[in-house]
1. On the given criteria, is residue 24 at pLDDT 95 or above, buried (at least 20 other Cβ atoms within 10 Å of the Cβ) and within 15 Å of the ligand (Cβ to nearest atom)?
2. Which one of the conditions (1) closer than 30 Å to residue 99 by Cβ; (2) open to solvent by 20 Å² or more (accessible area, probe 1.4 Å) does residue 229 fail to meet, given that it meets all the rest?
3. For region 259-315, how many residues are in a loop (DSSP other than H, G, I, E, B), within 15 Å of residue 222 (Cβ to Cβ) and out of contact with any Asp or Glu (no Cβ under 9 Å at 6 or more places or on another chain)?
4. For residue 137, only one of the following conditions fails: (1) surrounded by fewer than 22 Cβ atoms within 10 Å (Cβ to Cβ); (2) touching a helix residue (DSSP H, G or I) at 6+ places or on another chain (Cβ under 6 Å). What is its number?
5. How many residues does region 183-221 contain that are away from the ligand (no atom under 16 Å from the Cβ) and aliphatic (A, V, I, L, M)?
6. Does region 376-398 include one or more residues that are among the small types (Gly, Ala, Ser), within 24 Å of residue 2 (Cα to Cα) and exposed (fewer than 12 other Cβ atoms within 10 Å of the Cβ)?
7. In the list 158, 130, 116, 98, which residue meets the criterion of being more than 23 Å from the chain's Cα centre (by Cα) and either under 30 Å from residue 210 (Cβ atoms) or among the polar types (S, T, N, Q) (or both)?
8. Pull up region 35-79, narrow it to residues that are part of a loop (DSSP other than H, G, I, E, B), modelled with pLDDT of 95 or more and basic (Lys, Arg), then point me to the one that is farthest from the ligand (Cβ to nearest atom).
Amino acid sequence: MKALEGVKILDFTHVQSGPTCTQLLAWFGADCIKVERPGVGDATRGQLRDIPDVDSLYFTMLNHNKRSMTLNTKSDKGKEVLEELVRACDVLVENFAPGALDRMGFSWERIQELNPRMIMASIKGFGPGPYADCKVYENVAQCTGGSASTTGFLDGPPLVTGAQIGDSGTGLHLALGIVTALFQREKTGKGQKVTAAMQDAVLNLCRVKLRDQQRLERGPLTEYHQYGEGISFGDAVPRAGNASGGGQPGWILKCKGYETDPNAYIYFITQAPVWGNICDLIGKPEWKTQEGYAKPAERLDKLGAIFDTIEAWTKTKTKFEVMDLCNPLNIPCGPILSMKEIAAEQSLRDTGTVVEVDHPERGKYLSVGCPIKLSGSPVEVERSPLLGEHTDEILRDVLGFSAEAVESMKDAGAI
Ligand code: CAO
């Protein structure tokens, strides 16, 4: 038995943010019915293709364990089917541009009329306010949610991060909203509207920078390297390079081979309780007692110089050797792993975090598996559906259509 067995999701999502949410629900056992435009489907099927005429990895990696049906929801017959799907399902998830569902004739009021138990979950770029009507993609959310202004180096422009915190991050937030609403429905018998704005989700993930904004009003941010370098602070949180966002200073340091390998680096944290271990390891035992180095607060005005000294040591070792030497001494550090290294990492395969999936048109490919592990609801990653692969099956088995009714839908161009 799977945790969400019996929950039917009307999956109206596309691109990345919404599909990551419904993929998680599908991994937990929900029956996820992805509704796509006939002949077109989710735009990502055709984006960034690596094999001609085959669903892209972009699409396949976001739509595992789902069923696909095609339906023209702007045709009269299509709208009738959609009404029946709303009645039959527990959750509707969508991430259309603002107003698109209303224009289709499926406002929240109408959905409640059709099915008072329905949980309607939406992702939009922004919440109510001046930008509520805007279309939004990943990097817009990173820029407006506080991530870009705080990412990068002090002397460089704002930077976006490769982690899709706007899309996949918001999908994750929405999934929690949905299961919470399902839990509440157990007691009230009623559905509700669940919304997650991408700007809000990014800000939620950037909360330490909002923390720093308020600290800045009371004085300089002493753990930012610019403090030690004597560079004054402005009135907004600056970009902190690779400084740690927490109370234990850290930085990315070069390791052996960095001249030719762009990922021969390690993140090194000078955690206060193991300062003595660090000093011994890098050949600076005098720092353990020396004034200006012995106490964490004394070190803050020279973090850059301290990390330069540690780097002189890490440069003599590979990133994995540094890891092997630091871990037994409880010194937290992390090698910069390339995607190539991650793809080959056996322990990630063993836990199902990276999985190999077979697809009838593309063959075998790698994907992420479910990062959340439930001991009572194991995840088996199944390939993404072909466009409309399950249309007939869903009309018949979920909505009870006869074979003739399915044919007449086809003749009317509604599926
Ligand atoms: N049958 C008929 N029409 C359909 C349909 C179907 N099965 N599915 C969708 N459509 C229609 C919609 O009704 C809409 O029509 P109208 O504009 O006439 O109302 C149209 O397709 C396009 O929808 P869209 O505006 O959502 O798509 P877009 O490509 O123009 O915009 C995006 C994409 C992502 C910018 C926009 O959907 C958006 O801002 N979504 C919210 C934020 C979000 O999730 N962004 C993350 C995307 S991942 O980076």
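1. no
2. Residue 229 satisfies all of (1) closer than 30 Å to residue 99 by Cβ; (2) open to solvent by 20 Å² or more (accessible area, probe 1.4 Å) except (1).
3. 2
4. (2)
5. Result for region 183-221: 4.
6. The answer is yes; a qualifying residue exists.
7. Testing whether each residue is more than 23 Å from the chain's Cα centre (by Cα) and either under 30 Å from residue 210 (Cβ atoms) or among the polar types (S, T, N, Q) (or both) leaves just 130.
8. Checked region 35-79; the qualifying residue farthest from the ligand (Cβ to nearest atom) is 49.
The values are calculated or read from the model by the stated rules, or taken from the named source; none is laboratory data. Bear in mind that the values here come from a model prediction, so they are computed numbers and not experimental data. No Cβ is skipped: glycine too gets one built from the backbone with ideal geometry, and neighbour counts run over all protein chains shown. With ligands, DNA and RNA removed, areas are computed over all heavy atoms of the protein, side chains included. Shrake-Rupley method; radii C 1.70, N 1.55, O 1.52, S 1.80 Å.
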